[in-house]
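The values are calculated or read from the model by the stated rules, or taken from the named source; none is laboratory data. Because the structure is a prediction, the values reported are computed rather than measured. Here the Cβ is made from the backbone with ideal geometry for all residues, glycine too, and neighbour counts use every protein chain on show.
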């Protein structure tokens, strides 16, 4: 009798938990709705509807707000690269001008001298930049 009751409870539980997958997928979709994408290599990116100069200024202000030191900034054609350092993290920011009013920002945060990436720090750089760029 106990075995039948246990089987019945497990069967009913599995039916009820089937809805959790839908909730999880919805939550994932909402999370991705922020417009921040991730790659397997730890690179985080976002495309802004703003000129490259505006995104660069916002990124530099965001780094300052986060007390991240800018080590180097260089331009090569339509691409701007900002190298920064935060503790034991090297942060690479690449701003690519897609159109006069569209800029793609790619951020990678790596442990100094290592291969481990820190997508949480890279995401925070983008989110702080987004706040300073403002609504598009």
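Of note:
- Some residue of region 90-112 being in contact (Cβ under 8 Å) with a residue 60 or more places away in the chain, part of a loop (DSSP other than H, G, I, E, B), touching a strand residue (DSSP E or B) at 6+ places or on another chain (Cβ under 9 Å) and more than 19 Å from residue 47 (Cβ to Cβ): no
- From the options 107, 125, 94, 133, residue that is within 16 Å of residue 62 (Cα to Cα), crowded, with 19+ Cβ neighbours inside 10 Å and more than 11 Å from the chain's Cα centre (by Cα): 133
- Enumeration of residues in region 40-67 that are in a strand (DSSP E or B) and either closer than 17 Å to residue 108 by Cβ or not assigned by TED's automatic domain parsing to the domain that holds residue 98 (or both): 44, 45, 46, 47
- Matching residues in region 68-82 - criterion: being assigned to a loop (DSSP other than H, G, I, E, B) and closer than 17 Å to residue 112 by Cβ: 68
- Hey, residue 132 touching a residue at least 24 places away in the same chain (Cβ under 8 Å), farther than 16 Å from residue 83 by Cα, part of a helix (DSSP H, G or I) and out of contact with any helix residue (DSSP H, G or I) (no Cβ under 8 Å at 6 or more places or on another chain) or not: no
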